[in-house]
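Asker: Provided herewith is a single structure, encoded as structure tokens, for subsequent inquiry.
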Amino acid sequence: MKITKVDLKRISIPLRTPFKTALRTVNQVQDIVVILHTDCGALGYGEAPPTGSITGDTAGAILGAIEDHISKAILGREVEELEPLLQRVQRAIVGNSSAKAAVDMAIWDLYGQRYQIPVYKLLGGSRKRLVTDITISVNDPQVMAADALEAVARGYACLKMKVGVNPELDVARLAAVRSAVGADVQIRIDANQAWQPKQAVKLLNRMQEQGLDIELVEQPVKAHDLEGLKYVTDRSYVPVLADEAVFSPEDAMRILRMGAADLINIKLMKCGGIYNALKIASAAEVYGVECMIGCMLESKISVNAAVHLACAKEIFTRVDLDGPVLCREDPVLGGARFQEQLITVSDAPGLGIQGIEETCLTDLGSLL
């Protein structure tokens, strides 16, 4: 099975409601879709979101990386030569993790199809179902409480609350949500790098002292501040999850050696795809540190790849794959089934994507 062509498209899907964090506000998913063609007719699908405020990857950068570098490294290559092919993707250009992730997952898709096995079984086959949280955007306390109640009514038992915009309101936000949803709903929070280390410890410990029962906090301080991250981890009553601080296996090893976080969040768009995500997961296993599988604002194409990874490995004990349910519609045919909090992986070969409704796509060209 030889890669013969790379198609590039843009997918556009409106969100149910605006997605607000300490870093950005987004109203729709507008991602780059990669479709790898082969000489036997099989298609491999991948996706990359332009998330400049987190990964540094803009739409233009993703397209340029694939057109000028990554495509040249894979065209004409045999899919069966998986390891060298995936290495060529990683070595084709420095950085550009989202572009690499899109091509990486499309290659895994083809490899699974070549041998007629779903990727999650190829990687370990730990389970078939996942239960995800759902993200509640940062807003005034009463708005977040109302949004939380709506999510619980839809069946969600775990809420990820965005905080960090006007940190003085963060305790009030969480108090309003906890009061609204009661004690049985799990609450985790994501500060998106918004706090200073001492401020983070003060806020987190106040939350716990008030009985808000926060499960974990995601990336409370700046991504580069590993000493600050360790300061919070050592002093906070709330377990700390490293997110933006982990872009590579080397980043993960540094955090694990330092004991700078209690948990690691693996996102395909940060680490460059399944190939590197497996390395991070293996390192976490060695250190006995559990992982979350996360996503950016992505459609089902790339979140589906993350589902396969999480269903393969038991080290993923927490799931934050709500991208598709935040979208107003799902134009992706096949792949995992997203039924609110319950996600069921597909047993179709590869990643199981059968196609994408053309009305949501814009053609950006082909590479031969």
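The values are calculated or read from the model by the stated rules, or taken from the named source; none is laboratory data. Being a predicted model, the structure only gives us computed values, none of them experimental. All Cβ positions, even for glycine, are placed from backbone atoms using ideal geometry, and neighbour counts span all protein chains on display.
Asker: If you go through the range 320-334 one residue at a time, do you hit one that is out of contact with any Pro (no Cβ under 8 Å at 6 or more places or on another chain), in contact (Cβ under 8 Å) with a residue 60 or more places away in the chain and within 23 Å of Gly95 (Cβ to Cβ)?
Answerer: Yes, the range 320-334 contains a residue that is out of contact with any Pro (no Cβ under 8 Å at 6 or more places or on another chain), in contact (Cβ under 8 Å) with a residue 60 or more places away in the chain and within 23 Å of Gly95 (Cβ to Cβ).
Asker: What are the pairs with Cβ atoms under 9 angstrom where one residue, in the range 77-99, is farther than 21 Å from Ile266 by Cβ and the other, located anywhere, is among the acidic types (Asp, Glu)? Sequence gap at least six, or different chains.
Answerer: Leu85/Glu78; Ile93/Asp68
Asker: Quick one: how many residues across the range 236-262 are of a type outside the set (Ser, Thr, Tyr), surrounded by fewer than 15 Cβ atoms within 10 Å (Cβ to Cβ) and over 30 Å from Arg91 (Cβ atoms)?
Answerer: Here the count works out to 1.
Asker: Same structure again: Could you pull out the residue among Leu15, Leu86, Leu23 that is crowded, with 21+ Cβ neighbours inside 10 Å and on the phi < 0 side of the Ramachandran plot?
Answerer: After ruling out the rest, the residue left standing is Leu86.
Asker: Further question on the same structure: Answer yes or no: is there a residue in the range 151-160 that is at positive phi, under 25 Å from the mean Cα position of the chain (by Cα) and not charged (D, E, K, R). Walk me through how you get there before you give the answer.
Answerer: As a first pass, look at the range 151-160 and keep what is at positive phi: 155.
Remaining after also requiring under 25 Å from the mean Cα position of the chain (by Cα): 155.
Then keep just the ones that are not charged (D, E, K, R); that gives 155.
Checked the range 151-160: at least one residue is at positive phi, under 25 Å from the mean Cα position of the chain (by Cα) and not charged (D, E, K, R).
Asker: If a residue must be in contact with a Phe, Trp or Tyr (Cβ under 9 Å, 6 or more places away or on another chain) and surrounded by 15 or more Cβ atoms within 10 Å (Cβ to Cβ), how many such residues does the range 347-368 contain?
Answerer: Residues flagged as in contact with a Phe, Trp or Tyr (Cβ under 9 Å, 6 or more places away or on another chain) and surrounded by 15 or more Cβ atoms within 10 Å (Cβ to Cβ) within the range 347-368 amount to 5.
Asker: Next question. Restrict the check to the range 303-315 and report whether at least one residue is β-branched (Val, Ile, Thr), in the same structural domain as Glu218 (by TED's automatic domain parsing), modelled with pLDDT of 95 or more and part of a strand (DSSP E or B). So that I can check it myself, show each step before the final result.
Answerer: Applying the first criterion (β-branched (Val, Ile, Thr)) to the range 303-315 yields 303, 307, 315.
Narrowing further to those that are in the same structural domain as Glu218 (by TED's automatic domain parsing): 303, 307, 315.
Adding the requirement that they be modelled with pLDDT of 95 or more leaves 303, 307, 315.
Filter once more, so that each one left must be part of a strand (DSSP E or B): none.
No, there is no match, as no residue in the range 303-315 is β-branched (Val, Ile, Thr), in the same structural domain as Glu218 (by TED's automatic domain parsing), modelled with pLDDT of 95 or more and part of a strand (DSSP E or B).
Asker: Additional query: With the checklist (1) buried (at least 17 other Cβ atoms within 10 Å of the Cβ); (2) free of Cβ contacts under 8 Å to residues at least 60 places away in the same chain in hand, flag the one item Leu110 doesn't pass.
Answerer: Only one criterion is unmet by Leu110, namely (2).
Asker: Here is a follow-up. Of the residues that make up the range 122-143, is at least one free of Cβ contacts under 8 Å to residues at least 12 places away in the same chain and not assigned by TED's automatic domain parsing to the domain that holds Leu23?
Answerer: Yes, the range 122-143 contains a residue that is free of Cβ contacts under 8 Å to residues at least 12 places away in the same chain and not assigned by TED's automatic domain parsing to the domain that holds Leu23.
Asker: Still on this structure, please answer the following. State all residues of the range 186-202 that are closer than 13 Å to Val171 by Cβ and within 17 Å of the chain's Cα centre (by Cα); if no residue qualifies, say none.
Answerer: Within the range 186-202, Ile189, Ala191 meet the criteria.
Asker: Could you please let me know if Ile13 is farther than 29 Å from Met144 by Cα and of a type outside the set (Lys, Arg)?
Answerer: no
Asker: Contact list please: Cβ distance under 7 Å, first residue in the range 2-14 and in contact (Cβ under 8 Å) with a residue 12 or more places away in the chain and in a strand (DSSP E or B), second residue among the polar types (S, T, N, Q) and crowded, with 19+ Cβ neighbours inside 10 Å, pairs at least six apart or on different chains.
Answerer: Close Cβ pairs satisfying both conditions: Val6/Ser71; Ile11/Ser299; Ile13/Ser299.
Asker: Scanning the range 107-134 for residues that are charged (D, E, K, R) and assigned to a helix (DSSP H, G or I), which turns out farthest from the chain's Cα centre (by Cα)?
Answerer: Result: Arg114.
Residue-wise test of (1) closer than 19 Å to Val307 by Cβ; (2) assigned by TED's automatic domain parsing to the domain that holds Met292.
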position	(1), (2)
Ala48	yes, no
Thr55	no, no
Ile66	no, no
Leu75	no, no
Ser98	yes, no
Ala101	yes, no
Asp109	yes, no
Ala145	no, yes
Ala153	no, yes
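Asker: Turning to a different aspect of this structure: Within the range 274-302, can you find the residues that are hydrophobic (A, V, I, L, M, F, W, C), farther than 18 Å from Thr55 by Cβ and not in a loop (DSSP other than H, G, I, E, B)?
Answerer: Leu278, Ala281, Ala283, Ala284, Val286, Cys291
Asker: Where residues in the range 247-270 are assigned to a helix (DSSP H, G or I) and in contact (Cβ under 8 Å) with a residue 40 or more places away in the chain, which of them is nearest to Glu227 (Cα to Cα)?
Answerer: Of all residues in the range 247-270, those assigned to a helix (DSSP H, G or I) come to 249-258, 268-270.
Then drop every residue that is not in contact (Cβ under 8 Å) with a residue 40 or more places away in the chain, which leaves 268-270.
Numbers: Leu268: 25, Met269: 24, Lys270: 21 Å.
Applying the filter and picking the extreme gives Lys270.
Asker: How about the range 135-246: which helices (runs of 4 or more DSSP H) wholly inside it have at least 2 residues that are at pLDDT 95 or above and within 22 Å of Thr17 (Cβ to Cβ)?
Answerer: Helices (runs of 4 or more DSSP H) meeting the threshold: 141-153, 170-181.
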